[in-house]
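The values are calculated or read from the model by the stated rules, or taken from the named source; none is laboratory data. Bear in mind the structure is a predicted one, so any value in this text is a computation, not a measurement. As a convention, Cβ positions derive from the backbone with ideal geometry for all residues, glycine included, and neighbour counts pool all protein chains shown.
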Amino acid sequence: MQRSVSAAWAEIVTRWWHVVLIAWIVIAVGLRLAAPAWNDVAYDGDFEYLPPTMSSVAGGRLLDDAFPGVRSRSQIVLVLGRAEDKLTPNDEIVGLDLLRRLYHRLAEVSWQRAIEFGYESGPVDQAGDAAPWVRLTREALDQSISIDERFYERIAATVPADPPTPEEPRMAIAHWDRGKLLECLGETEEAIGTDFEAALILMPELPTVATPIEQRDLGPWSSMIDVLSWDDKIIGSRMTHESARLAVMQLSSELAATGNIETVEAVNELIDTVRHYSLHYTEPGLKLEMTGSAAIGGETLLAARDAIRYTEWITVAMILLILAGVYRAPLLVAVPMVSIGVAVLVSTSLVALLTGWSINETVPGLDLRVFTTSRIFIVVILFGAGTDYCLFLIARLKEEAAKAEWPEACRNALTGVSSALMGSALTTIVGLGTLWIARFGKFHYTGPIIAICLLVGLLICMTLTPALLRALGPKVFWPATIQPTVSINGLFSRGSDSQTGSSTATIGGGVWSWIALMITRRPMTWLVLGVTVLAIPGTYGLINENSVTYDLSGELSHSAASRRGLRLLSQHFKIGEINPVTVLLVRPDEKPHKEFVKEIGKLSDRLYKADGVATVRTAVDPLGDFPPDRDMGLLSSDAWKRLVLQKHRIAQGYFFASDAKYKDRLARIDVVFAGDPFSIQTAAKVAALSKTLAAESANPNSTWADSKILLTGTTPSIMDLRSVTLSDNRRIKVAVVVAVFLVLVFVIRRVGLCFYLIATVLLSYYATLGLTLLFFQGAYGNEFVGLDWKLPIFLFVILVAVGQDYNVYLVTRILEEQRSFGWLIALRRAVSRTGGIITACGLVMAATFFSMTSSAWFPEVASWFGFTTGGKVGLRGIIELGFALGLGVLIDTFYVRTILVPSFVAIAGRRKKS
């Protein structure tokens, strides 16, 4: 039945080949024109795709609801400091240059935001919803001008002779903007004139070059909410160290939002401008670095973008080289490349189009998302698997062309490999498709997306590729020609290349004939030896399968700018200070404000007793400077400082929601832990705090009885991410194994053999994981804290699914040969006839996976030849996964398929015969 369907399909494709070619051209062009650009629909971020029931996600939604438009979701921290020495007086020049520019950017963004809220003119108290942003605009301009004056005083004697610009040597644009703002606010003519006069003195042509505030392109800065710095007289002490200073940009974007790419690039440009303009005023050794969650997230996305670009280049180059080495025939290289190129174009356009429909709700019920890094998997798997399918087809065509005329040979070749192609592809498609059951969004969407693309690739390889071969004719093998195969006793055959005279071994000779003979003579010995060798690293992989890291900064290489900034920051400040745990408490009923504040104070005192808690920030103590054991006498200067802090803008509207439904019901508390916010140890302490707070809510005698308590922030998000992904891993593994097993049974129809094939890829997975762990432990040395948390699940799914391809191709060929020969001859013929082509396919697939590691070495190699590639920051997660997948495919190709599968089939054949 299967063969009759395959024959009918092959008849249609090879007879109507010209229609097939035209159809694919129309489809490719139509989809390309209709589909949106990939980057326009691609999402990113990890925490955004946690299940909505998780505490960190629910807490984030509550923050958005209670504090609309002002929630800081990530930060960029600018660190000015020296590694060991104290800051010098001249170092302040660089810091002032940075802050005057930074505060002016904040003013511009705040003013544009006020305009978005409807502000045109009038006093602040009449600005409605825009009032906070108008007020912040004024404060930021005041700070920018004040800092600018101090900066100029320090460099007055050494001002560069360059023509003035709006920002250099003085911030003329800040005076101009403040004058315009004062006009809108209805301030006195004297105040307005003073600023305009100052602007014109500094740069007379400014009115002709200054762009109106509403027309300025501030896209990269648009997520900025506030800037907190060491220069602030109230909070600056917490951001000051004898060797370093901090400035924190608070952003409304999630740490891995795609918009953070432009933000990080803009901040880097600002830093470079400051370094160029003012770093020479001080002594060598001063560093100005950027770090923080948004900087790490943005650089991660930048690294992913570079990884995609390098992966695509290297994948194409490697496949071209391998195909050229295998065929040494230009057209045989061109056919797979054209086929796969069309597959990538059609599949990515189709997925982008479907995603666009899903986002816009064009198709009701359609739920699909793509991610920046999804493209890497699509390109690699499509090129690898697609090339394999083409190689299988061409290898079979070469056999058939020696026995029949070209049209019939094309039809017979497609008929012969259709079931193998369908079986091998379905294991991968179904295996990846099972990721749909995952609760974590990135797993949930990525697997089915790749499955859709692979299905398109399979369809193209079973239609467009044979149509191209049918159209080109026997000259596709040029400069070689095909001569009839000489069969010797049905056991040995040898094909000859008429041009070169070289021999291509089939079963009668060569390494694969020798391997087939060796395995079938002592199958039990080879099976035991083979399993034992893989079991050693496999045991190590099984024991350490969950030894992964969720440290987002660890994704980036040690040389990444945000990692450098993090190291400089951690030398002088506690990392937890910029990554607090936010506790949200929502009472069931409203209480008088004073009583509510008093209860929060009492709870804060108790939180200080929790393990690992360093600081608790509340409305009463916004910076956490006053723990319970600190003397707070009425006449103490600290008491007055705390009163002033409570009226600072960082406290106003931050700890209590102004929304009526949460008034005097919702309290926000920030808890800073002493440890690394990314570590498992800190996560355990946060979990203990969560249990303590849950007990408060469950206690009927507590003032917080029946309160809703949620934890959000970096550490709670990582805790939720770890929880949901570990749960997904267990569920997905079972689903993938069952799904792939069912496909194998459908294709092979041998239940016992299918069980064994599943067992071999599981052994291969754990061995690959163990070897990968050992390799990167040695490569990273003391920096190694674990493999990327996404690696085990993607490695498992892809290796279990893709790893069956070659097993299916080998086993289906064994079953085909058994129609004409006994089990022993059939096994030897199958191993010998498929050995070369499966090896070539395995090398192609491994090469495409190894291309994912190119961001680690390609920029350096390119620089040897004088080329500049741009990005030099590798993404460890992709590098590790690419290495693991490439290694796993090589193990499957040269070990599992060569030793474990034939030896088992030989043992089963002997028992069946006896």
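When the residues of the range 692-722 are filtered to those that are among the β-branched types (Val, Ile, Thr), out of contact with any Leu (no Cβ under 6 Å at 6 or more places or on another chain) and outside any helix (DSSP H, G or I), the one that is nearest to PRO792 (Cα to Cα) is THR712. If you check GLU11, GLU92, GLU116, GLU84 for being loosely packed, with under 15 Cβ neighbours inside 10 Å, at pLDDT 90 or above, farther than 30 Å from ILE709 by Cα and not polar (S, T, N, Q), only one passes: GLU116.
In the set (1) buried (at least 18 other Cβ atoms within 10 Å of the Cβ); (2) of a type outside the set (A, V, I, L, M); (3) under 30 Å from the mean Cα position of the chain (by Cα), the condition left unmet by ASN39 is number (1). The condition (being in contact with a Pro (Cβ under 8 Å, 6 or more places away or on another chain) and closer than 21 Å to LEU98 by Cβ) is satisfied by just one residue among ALA210, ALA244, ALA172: ALA172. Checking the conditions here, which among ALA343, ALA307 is hydrophobic (A, V, I, L, M, F, W, C), closer than 16 Å to VAL380 by Cα, buried (at least 18 other Cβ atoms within 10 Å of the Cβ) and at pLDDT 90 or above? Just one listed residue meets the conditions, ALA343. Taken as a whole, the structure places SER237 among residues that are in a helix (DSSP H, G or I), surrounded by fewer than 17 Cβ atoms within 10 Å (Cβ to Cβ) and either under 41 Å from the mean Cα position of the chain (by Cα) or modelled with pLDDT of 95 or more (or both).
Evaluating ILE394 against the criteria (1) touching a residue at least 40 places away in the same chain (Cβ under 8 Å); (2) part of a loop (DSSP other than H, G, I, E, B); (3) among the β-branched types (Val, Ile, Thr) leaves one unmet condition, (2). Restricting to the range 281-313, name every residue that is of a type in the set (A, V, I, L, M, F, W, C) and in a strand (DSSP E or B). LEU288, MET290, listed by residue number.
Restricting the search to the range 793-819, which residues are over 22 Å from LEU762 (Cα atoms) and either touching a residue at least 12 places away in the same chain (Cβ under 8 Å) or not assigned by TED's automatic domain parsing to the domain that holds TYR550 (or both)?
From the range 793-819, those over 22 Å from LEU762 (Cα atoms) are 813-819; that's our starting set.
ARG813, ILE814, LEU815, GLU816, GLU817 - these are the residues of the range 793-819 that are over 22 Å from LEU762 (Cα atoms) and either touching a residue at least 12 places away in the same chain (Cβ under 8 Å) or not assigned by TED's automatic domain parsing to the domain that holds TYR550 (or both).
Of the listed requirements (1) over 45 Å from the mean Cα position of the chain (by Cα); (2) at pLDDT 95 or above; (3) not acidic (Asp, Glu), GLY186 misses just one: (2).
Going by the conditions given, is GLY386 in the same structural domain as LEU464 (by TED's automatic domain parsing), out of contact with any strand residue (DSSP E or B) (no Cβ under 9 Å at 6 or more places or on another chain) and surrounded by fewer than 20 Cβ atoms within 10 Å (Cβ to Cβ)? No: the conditions fail for GLY386.
Just to be sure I understand, how many residues within the range 597-612 are part of a helix (DSSP H, G or I) and either touching a Pro at 6+ places or on another chain (Cβ under 8 Å) or closer than 15 Å to ASP670 by Cβ (or both)?
From the range 597-612, those part of a helix (DSSP H, G or I) are 597-607; that's our starting set.
When the remaining residues are screened for being either touching a Pro at 6+ places or on another chain (Cβ under 8 Å) or closer than 15 Å to ASP670 by Cβ (or both), the result is 600-601, 603-605, 607.
Matching residues across the range 597-612 total 6.
Tell me which of these GLU189 doesn't satisfy, since it passes every other one: (1) under 24 Å from PRO89 (Cβ atoms); (2) of a type in the set (D, E, K, R); (3) loosely packed, with under 15 Cβ neighbours inside 10 Å. Unmet condition: (1).
Could you list all residues from the range 1-53 that are within 30 Å of ASN260 (Cβ to Cβ), without any contact (Cβ under 8 Å) to a residue 12 or more places away in the chain and of a type in the set (Val, Ile, Thr)? Of everything in the range 1-53, just one residue is within 30 Å of ASN260 (Cβ to Cβ), without any contact (Cβ under 8 Å) to a residue 12 or more places away in the chain and of a type in the set (Val, Ile, Thr), namely THR53. Looking at GLU289, is it surrounded by 17 or more Cβ atoms within 10 Å (Cβ to Cβ) and in contact with a strand residue (DSSP E or B) (Cβ under 6 Å, 6 or more places away or on another chain)? Judged against the criteria, GLU289 is a match.
Applying the condition of being surrounded by 24 or more Cβ atoms within 10 Å (Cβ to Cβ) and of a type in the set (Ser, Thr, Tyr) to the range 838-852 and asking which residue is farthest from ASP805 (Cα to Cα) yields SER851. Exactly one residue out of LEU102, LEU98, LEU63 is within 30 Å of ALA561 (Cβ to Cβ), modelled with pLDDT under 95 and out of contact with any Pro (no Cβ under 9 Å at 6 or more places or on another chain): that is LEU63. Just one of the listed residues (ARG369, ARG396, ARG328) is among the basic types (Lys, Arg) and under 21 Å from TYR806 (Cβ atoms), namely ARG396. Here the condition is being at pLDDT 95 or above and either part of a helix (DSSP H, G or I) or touching a helix residue (DSSP H, G or I) at 6+ places or on another chain (Cβ under 8 Å) (or both); of ALA247, ALA256, it holds for ALA247 alone. Of the candidates VAL844, VAL889, the single residue that is within 22 Å of PHE741 (Cα to Cα) and either in the same structural domain as VAL379 (by TED's automatic domain parsing) or not β-branched (Val, Ile, Thr) (or both) is VAL889. What do you reckon, is GLU254 more than 18 Å from ARG563 (Cα to Cα) and surrounded by fewer than 22 Cβ atoms within 10 Å (Cβ to Cβ)? Considered against the rule, which asks whether it is more than 18 Å from ARG563 (Cα to Cα) and surrounded by fewer than 22 Cβ atoms within 10 Å (Cβ to Cβ), GLU254 comes out as no.
Of all residues in the range 175-193, those that are part of a helix (DSSP H, G or I), out of contact with any Ser or Thr (no Cβ under 7 Å at 6 or more places or on another chain), over 13 Å from LEU141 (Cα atoms) and not aliphatic (A, V, I, L, M) total 4. When ALA156, ALA172 are checked against the criterion of being closer than 18 Å to ASP142 by Cβ and either of a type in the set (A, V, I, L, M, F, W, C) or modelled with pLDDT of 95 or more (or both), a single residue qualifies: ALA172. Does ALA402 satisfy being touching a helix residue (DSSP H, G or I) at 6+ places or on another chain (Cβ under 9 Å), surrounded by fewer than 18 Cβ atoms within 10 Å (Cβ to Cβ) and without any contact (Cβ under 8 Å) to a residue 60 or more places away in the chain? Taking the combined requirement at face value, the residue does not satisfy it. ARG138 satisfies every condition listed in (1) free of Cβ contacts under 8 Å to residues at least 60 places away in the same chain; (2) more than 21 Å from SER252 (Cα to Cα); (3) surrounded by 14 or more Cβ atoms within 10 Å (Cβ to Cβ) except (2).
Could you count how many residues in the range 679-704 are touching a residue at least 60 places away in the same chain (Cβ under 8 Å) and in contact with a strand residue (DSSP E or B) (Cβ under 9 Å, 6 or more places away or on another chain)? Result for the range 679-704: 8.
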